[in-house]
Amino acid sequence: MKFRPALLVASLLLATAAHAKPHRAKPLPAPEPLGPRPALVAFADELASAQQWDAAALREQLSQALDLPRVKQLILPAAVGTAKNWTAYRDRFIEPKRLEAGAAFWAEHEAALARAESRYGVPAEVIVGIIGVETFYGRITGGFKVLDALATLAFDFPTEHPRAADRQAFFRSELAEFLKLCRENGLDPAEVRGSYAGALGWPQFMPGSWRQHAVDFDGDGHIDLMASPVDAIGSVAHYLAAYGWKPGETTHYTVQLPADRRERARLLAPDIKPSFTAAELAAAGARPSDAAREHDGLMAVIELQNGPKKPPTVLLGTQNFWVVTRYNWSAYYALAVIELGRAVKAKRPPAMPAAAAPSAPG
Ligand SMILES: [Ca+2]
């Protein structure tokens with residue numbers, strides 16, 4: 001697979017679940033231990049052998065992990081016919097309480113955000129947007145036992161999922177990463193909590209992303225995404241830089257799509273992947289904004305639905321828009337991150353020029 005779905009693939013679903021009314025037809029069965037099923041035993045033996053761990057102990061630990069029906073329910077894509085709605089999605093994140101929390105987070109961690117921006121080239125507002133959408137600034141980091149959640153998805157992934165084999169393989173890999181991460185950081189795998197998909201801490205990194213991209217940004221010698229917001233700030237910036245963030249480039253521009261339906265469909269086909277130059281867009285009958293016409297690089301034509309009564313929102317995504325979707329493969333997610341960051345920034349007091357800063361007393 002070319003792209004690694006590094007982080008929680010389902011913040012959208014998580015957010016939906018948090019706000020949906022709990023009206024399910026029948027109650028879910030009680031969780032039961034997974035037991036020593038063949039795939040689990042083979043996984044335990046292989047991992048234990050590769051890591052020189054006690055195979056019997058790992059088999060036992062994984063066999064006792066609970067098979068969580070709720071996790072299997074949450075991992076399924078939204079039902080066919082469930083309309084996406086950017087306006088509704090946006091309103092869940094760009095709202096007064098989250099803006100206030102974001103402004104407080106920015107004020108408290110101003111130095112770390114500035115340091116991350118200067119080291120990795122990722123603007124503070126994008127980091128603030130991601131941590132705000134992911135966990136409401138550390139307030140909602142997930143209540144599932146990650147060992148149970150990942151073991152469920154690794155060994156009893158719902159077969160009705162359209163990409164079941166691929167996703168199950170991904171979660172087996174993440175389970176192995178989680179077990180290594182716990183050993184490396186002195187965490188008890190049975191105690192760690194996170195999202196239903198196994199995403200961890202302030203930035204909701206999947207275990208593999210933590211091991212690959214997280215950094216110790218508060219300088220205490222440990223990477224701690226569970227309890228250190230400063231480590232989370234540095235890690236988010238490092239992650240985006242690793243996926244190709246271009247310092248100084250905007251995330252998106254405005255555009256008018258061509259009237260011709262076939263040309264419109266052609267431009268929308270590559271979805272979030274930047275595929276067209278400004279000249280190609282103009283030749284197809286689209287009208288990029290003046291700034292987009294000056295853009296040096298490819299852009300993606302992105303359309304977000306607003307329900308049956310409102311026209312869709314359209315924009316031109318740059319490489320940096322695409323990089324935000326490496327955190328979560330969704331244009332809705334990326335635009336929520338970007339708009340939340342901008343809105344929090346707008347709430348902040350105007351920056352004081354260095355020369356005008358009051359000197360220390362004495
Ligand atoms: Ca640290």
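The values are calculated or read from the model by the stated rules, or taken from the named source; none is laboratory data. Only a predicted model underlies this, so the values are computations on that prediction, with no experimental measurement involved. Glycine also receives a Cβ, built like all others from the backbone with ideal geometry; neighbour counts cover every protein chain displayed.
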Inset, instruction - Collect the residues in the range 189-201 that are surrounded by 24 or more Cβ atoms within 10 Å (Cβ to Cβ) and hydrophobic (A, V, I, L, M, F, W, C), keeping them in residue-number order. - result: A197, A199, L200
Legend entry - Qualifying positions in the range 63-111 - of a type in the set (D, E, K, R) and touching a Phe, Trp or Tyr at 6+ places or on another chain (Cβ under 9 Å): D67, R70, K72, K84, R90, K97, R98
Legend entry - Matching option when the condition is touching a Gly at 6+ places or on another chain (Cβ under 8 Å) and either of a type in the set (K, R) or modelled with pLDDT under 95 (or both), among R98, R139: R98
Inset, instruction - Being under 18 Å from T135 (Cα atoms) and more than 10 Å from the ligand (Cβ to nearest atom) is the filter; apply it to the range 235-253 and report the residue that is surrounded by the fewest Cβ atoms within 10 Å (Cβ to Cβ). - result: L240
Legend entry - Considering residues of the range 273-288 that are out of contact with any helix residue (DSSP H, G or I) (no Cβ under 7 Å at 6 or more places or on another chain) and in a loop (DSSP other than H, G, I, E, B) only, the residue farthest from Q319 (Cα to Cα): T277
Legend entry - Out of A300, A282, A265, A291, sole residue that is touching a residue at least 24 places away in the same chain (Cβ under 8 Å) and farther than 16 Å from A331 by Cβ: A291
Inset, instruction - Find the residue count for the range 178-223, including only residues that are of a type in the set (K, R), more than 16 Å from the ligand (Cβ to nearest atom) and farther than 19 Å from L153 by Cα. - result: 1
Inset, instruction - Look through P162, P158 and report the one residue that is assigned to a loop (DSSP other than H, G, I, E, B) and either at pLDDT 95 or above or within 20 Å of P31 (Cα to Cα) (or both). - result: P158
Inset, instruction - Pick out the one residue from A241, A291 that is modelled with pLDDT of 95 or more and either within 25 Å of the chain's Cα centre (by Cα) or in a strand (DSSP E or B) (or both). - result: A241
Inset, instruction - Report yes if T82 is outside any strand (DSSP E or B) and at pLDDT below 95, otherwise no. - result: yes
Inset, instruction - For the range 89-99, enumerate the residues that are exposed (fewer than 13 other Cβ atoms within 10 Å of the Cβ) and part of a helix (DSSP H, G or I). - result: D91, P96, K97
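For every residue, the table says whether it meets (1) assigned to a loop (DSSP other than H, G, I, E, B); (2) away from the ligand (no atom under 16 Å from the Cβ); (3) among the basic types (K, R).
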residue: L225; (1), (2), (3): yes, no, no
residue: I233; (1), (2), (3): no, no, no
residue: A265; (1), (2), (3): no, yes, no
residue: D271; (1), (2), (3): yes, yes, no
